[in-house]
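Laboratory data are not the source of any read-out in this text; all were calculated from the coordinates shown. The structure displayed is predicted, hence computed values, not measured ones. Cβ placement follows ideal geometry from the backbone for every residue including glycine, while neighbour counts extend to all protein chains displayed.
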Amino acid sequence: MAYAWCFLLFMTGLYCAVVKKNMVKIVLGIIIMEYAVNIFLIMLGYRIGGVAPIVGKGELAGIDKVTSAFVNNCVDPLPQALVLTSIVISLGSLALMIALCIRTYERYGTFDITEIRRLRG
Amino acid sequence: MNIPLPVFVAIPLIAAFFLPILSGLGRKAKSFATLLANLATISLLVLAVLALGRSEDIQVYEIGKWSIPIGINMVLDGLSSLLLLAIGVVSTAAMLFSTRYMEQYTAKPKYLSLFMLMVAGMNGVVLSGDLFNLYVFLEIASIASYALVGFGCNNEELEAAFKYMVLGTIASVFVLFGIGLVYGNTGTLNMAYASKAINTVGLNPGLAFALALFVAGFGLKAALVPFHAWLPDAHPSAPAPISAMLSGVLIKTLGVYALTRMVFCIFGVSVTIGWLLVVLGLVSMVVGAFLAFGQWDFKRLLAYSSISQVGYVVLGLGLGATLLAQGHAAWASLAILGGLFHLVNHAVYKSLLFLTSGSVQMSTGTRQLKQMGGLAEKLPFTRTTCTIASASIAGIPPFSGFWSKLILVVAAVGAGLYWIAAIIVFVSLCTLIMYLKVQRYAFLGELPENLQQIKEHRGSMLVAMVLLAVLCSFMGLLVLVPYLRATVLTPAVDVLTDGLLYAVNVIGK
């Protein structure tokens with residue numbers, strides 16, 4: 001169910017990026033898509049009632065606890081690391097996109113992509 | 001010689017970091033920075049050549065000595081080293097060319113830095129043995145290329161950069177979504193382990209959706225025809241050496257290489273995916289060639305022709321995948337050989353054509369073919385190199401393009417698909433007409449009044465063009481001389497014909 005909502009969010013973002021005429025709205029659509037994928041990655045590692053995959057100082061002695069019960073209860077940390085990286089990447093591309101929007105606005109005086117049409121063919 | 005693989009990423013990354021700092025130190029330091037950038041690309045080319053002589057077929061580097069699947073690995077096999085070589089050749093030539101060409105722009109240090117970042121990203125994509133790292137390197141190369149397309153900051157360039165950036169980012173999000181699905185279904189991000197897991201459980205709906213997302217995402221990066229809208233705007237808007245890099249290697253590394261790796265080595269070939277690639281390739285070939293006919297802008301014509309030529313590469317690989325799945329291994333390896341050889345050829349002659357267009361633009365100040373004419377006497381070297389590249393792309397016998405097209409035709413006929421062979425020959429004729437048009441309007445005919453005073457820019461630009469023209473003339477030797485074929489092309493073909501052995505080889509190390 002949660003995956004379906006996530007997919008819906010992804011499609012909303014895609015629709016927004018493809019259909020909208022305003023450059024800023026296109027950028028927002030792309031951000032929504034990126035968030036949907038980030039949420040999807042987080043959900044992959046989520047486990048209901050799970051604990052953080054961190055072993056305390058004293059607990060290391062009990063190897064049993066680390067291997068079986070602990071592993072069966074903790075959430076998957078890998079997707080969280082991936083999401084951190086992907087957020088940083090989307091920050092970089094977002095900054096560049098907004099910079100391009102600003103420069104284009106300075107030149108054309110509009111955000112409407114139907115009016116920004118020097119290139120065709 | 002076995003080369004530690006991270007240097008292919010480390011050299012350009014370090015250069016990208018230090019070049020702008022160096023250039024802040026004054027005028028002399030600025031030209032020193034350009035020299036260093038050239039040294040970096042040349043050393044990458046030398047390393048790529050040395051890597052061909054490695055002792056084993058497949059070289060695996062585990063980063064920080066963490067063994068896979070816990071750690072991250074880099075893998076150098078035949079296909080990767082072929083792509084590294086292409087990137088090395090084209091980036092060396094483009095960097096030599098920009099030494100002189102980029103003097104017309106301000107902010108050259110930033111240009112050098114972005115250029116190096118793009119090279120680092122591409123080398124990383126080619127060497128990565130891990131899906132998520134592939135995505136990270138893909139984004140490094142893409143973001144650098146978006147910025148480079150908009151480098152001139154004119155109206156058209158900003159518009160093209162925005163369009164390219166929107167479609168490119170959508171493609172990257174698709175790829176990330178696909179990687180998430182693969183991780184959810186196999187529990188690993190390592191390519192070799194993912195491949196092993198996929199081929200034991202089979203292609204369930206989640207993985208099939210991931211494959212569809214990869215085809216769409218990498219197809220967008222490769223500008224295959226339903227996804228091609230950004231390319232004819234983006235490639236002409238960039239400065240000429242960057243157009244050469246984008247058309248020459250970027251669309252092939254980020255698009256064709258990554259897609260090929262996914263299809264052949266991770267998901268495994270099937271008749272369906274093979275035909276999908278064949279159809280995408282054929283449509284790109286025909287549509288790209290027809291759209292190129294009507295263009296009067298020199299660089300825009302070249303960009304449309306790139307779509308058509310990438311179609312050839314994808315057609316060869318798709319044909320190979322189909323035949324492999326049907327069990328015709330001999331014809332399959334011939335089709336793959338044709339596709340990969342065409343990839344390398346196209347990298348060389350299309351970057352040469354873009355460099356000559358840059359030379360023409362720098363001398364005449366225009367890109368419109370109708371405003372040119374009679375440039376043959378004013379720009380003799382540009383004219384000669386452009387003719388060699390045109391002959392090569394049109395497939396005129398001694399030049400490189402002829403051999404790869406011939407192999408593709410032979411493979412299609414051998415597989416009994418005569419209509420595909422007919423389309424290959426037909427598109428080749430269209431290409432010939434297209435480039436005759438370029439020769440006719442740009443270099444022959446009357447010299448217009450306002451262009452009487454122009455001069456050819458020589459120096460490093462000329463060296464770059466001559467270097468590529470020599471390669472164009474003699475690249476046919478790569479298939480004709482058995483020794484060269486066995487070191488350069490055959491290992492790459494073997495990687496794809498035994499695609500699933502990739503997992504065995506990497507894990508077995």
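Roughly what would the spin-label model give for B:K28 and B:L477, points 7 Å off Cα along C-beta, in nm?
4.2
Between A:N22 and B:S67, what is the spin-label point distance in nm, taking each point 7 Å from the Cα along the Cα→C-beta axis?
5.7
Order of B:155-164, A:23-32 by packing, highest average Cβ count within 10 Å first?
My ranking of the peptides, most packed first, is B:155-164, A:23-32.
First measure r as the distance between the Cβ atoms of A:A95 and B:T200, then evaluate 1/(1 + (r/R0)^6) with R0 = 45 Å and state the FRET efficiency to the nearest 0.05.
That gives a FRET efficiency of 0.60.
Listed highest first by mean packing, meaning other Cβ atoms within 10 Å per residue, what order do A:79-87, B:197-205, B:15-23 come in?
The densest-packed peptide leads the list: B:15-23, A:79-87, B:197-205.
Rounded to the nearest 500, what is the 222 nm mean residue ellipticity of chain B from helices alone, with -39500 (n - 2.57) per DSSP H run of 4+ residues and division by all residues?
For chain B, the value works out to -23500 deg cm²/dmol.
If I model a spin label at A:V71 and B:T490 as a point 7 Å from the Cα along the Cα→Cβ vector, what separation in nanometres do I get?
Placing both labels 7 Å along Cα→Cβ, they lie 4.5 nm apart.
Can you pull the mean other chain C-beta count within 10 Å for peptide A:10-23?
Partner-chain Cβ atoms within 10 Å, mean over residues of A:10-23: 1.
Determine how many Å³ per residue the convex hull of the Cα atoms of the range B:352-414 encloses.
Roughly 97 Å³ of hull volume per residue.
Which ordering of B:V75, B:V90 is given by a fewest-first count of other beta-carbon atoms within 10 Å?
Starting with the residue having the fewest Cβ neighbours, the order is B:V75, B:V90.
Work out the FRET efficiency for B:E377 and B:L52 from their Cβ-Cβ distance, taking R0 = 35 Å, and round it to the nearest 0.05.
Working from the Cβ atoms, E equals 0.25.
Take every Cα-Cα pair in the range B:184-323 and report what % of them are more than 18 Å apart.
When all Cα pairs of the range B:184-323 are counted, 55 percent exceed 18 Å.
Enter the mean projected area of the convex hull around the alpha-carbon atoms of chain B, in nm², rounded to one decimal.
Its Cα hull, projected and averaged over all orientations, spans 21.7 nm².
What is the sum of charges, Lys and Arg at +1 and Asp and Glu at -1, for the other residues whose Cβ falls under 13 Å from the Cβ of B:Q309?
+3
At a Förster distance of 51 Å, what's the computed FRET efficiency of A:Y15 paired with B:V271, Cβ-Cβ distance as r, to 0.05?
My answer for the efficiency is 0.95.
Using the 10 angstrom Cβ neighbour count as an exposure proxy, how do B:R485, B:R261, B:R100, A:R117 rank, fewest first?
The most exposed by this proxy come first: A:R117, B:R485, B:R100, B:R261.
Mind checking the mean number of beta-carbon atoms from other chains within 10 Å of the Cβ atoms in B:138-147?
If you average over the peptide's residues, the count of other-chain Cβ atoms is 3.
Under the definition of partner shielding as Cβ atoms of other protein chains within 10 Å of a residue Cβ, what is the mean value for peptide A:26-36?
Per residue, the number of nearby Cβ atoms from other chains is 3 on average.
Percent relative contact order of the range B:393-509, based on C-alpha pairs within less than 8 angstrom and at least six residues apart?
About 27 percent, as a whole number.
So what is Rg over Rh here for the range B:1-268, counting just Cα atoms and using Kirkwood for Rh?
0.98
If all Cα-Cα distances of the range B:289-475 are sorted into 5 Å bins from 0 onward, what percent lands in each bin, rounded to whole numbers?
That works out to 1, 9, 17, 19, 17, 13, 9, 6, 4, 3, 1, 0, 0, in percent per bin.
Any idea what the relative contact order of chain B is, in percent, if you count C-alpha pairs under 8 Å spaced at least 6 apart?
17
Can you order the peptides B:491-497, B:238-244 by their average number of other Cβ atoms within 10 Å per residue, highest first?
Descending mean neighbour count gives B:238-244, B:491-497.
Among B:A144, B:P239, B:F162, pick out the residue whose Cα is farthest towards the positive end of the charge dipole of chain B, where Lys and Arg carry +1 and Asp and Glu carry -1 on C-beta, about the Cα centre.
B:P239
Cα centroid distance between the range B:235-281 and the range B:424-473, in Å?
The two parts, judged by their Cα centres, are 26 Å apart.
Past 21 Å, Cα to Cα, is the threshold; run B:K252/B:K299; B:K28/B:K108; B:K221/B:K405; A:K21/B:K221; B:K30/B:K110; A:K21/B:K252 against it and keep the listed order.
Flagged as over cut-off: B:K221/B:K405; A:K21/B:K221; A:K21/B:K252.
Per residue and in Å³, how big is the convex hull formed by the alpha-carbon atoms of the range B:151-236?
It comes to 98 Å³ per residue, whole-number rounded.
Can you tell me the relative contact order of chain A? Whole percent, Cα pairs under 8 Å, sequence separation 6 or more.
Relative contact order for chain A comes out at 27 percent.
Sum -39500 (n - 2.57) across every DSSP H segment of at least 4 residues in chain A, then divide by the residue count to get the 222 nm mean residue ellipticity, nearest 500.
Estimated from H runs of four or more residues: -21500 deg cm²/dmol.
Which of B:I407, A:I102, B:I454 has the fewest other C-beta atoms within 10 Å, and how do the rest follow up to the most?
The fewest-first ordering by Cβ neighbours comes to A:I102, B:I454, B:I407.
Under a no-solvent Debye model with one identical scatterer per Cα of the protein assembly as shown, what's log10 I(q)/I(0) at q = 0.05, 0.08, 0.11 Å⁻¹?
Reported log10 I(q)/I(0), two decimals: -0.21, -0.55, -1.07.
Helix A:23-45 versus the longest principal axis of chain A: what angle, 0 to 90°, nearest 10, using Cα atoms?
In chain A, helix A:23-45 runs at an angle near 10 degrees to the longest axis.
Whole-Å semi-axes of the range A:69-116's equivalent ellipsoid, largest first, each the root of 5 times a Cα gyration tensor eigenvalue?
43, 10, 5
Give me the distance between the Cα centres of the range A:77-117 and the range B:138-181, rounded to whole Å.
Using only Cα atoms, the two centres lie 9 Å from each other.
So if I place +1 on the C-beta of Lys and Arg and -1 on the C-beta of Asp and Glu, and nothing else carries charge, what would the dipole magnitude of the range B:1-268 be about its Cα centre? I want it in debye, nearest 20.
Magnitude of the dipole: close to 480 debye.
Of B:A464, B:M1, B:V263, which is farthest along the charge dipole of chain B in the positive direction, counting Lys and Arg as +1 and Asp and Glu as -1 at C-beta?
Farthest along the dipole direction, towards plus: B:A464.
Tell me the net charge near B:Y502. Cut-off is 9 Å between Cβ atoms, B:Y502 excluded, with +1 for each Lys or Arg and -1 for each Asp or Glu.
-1
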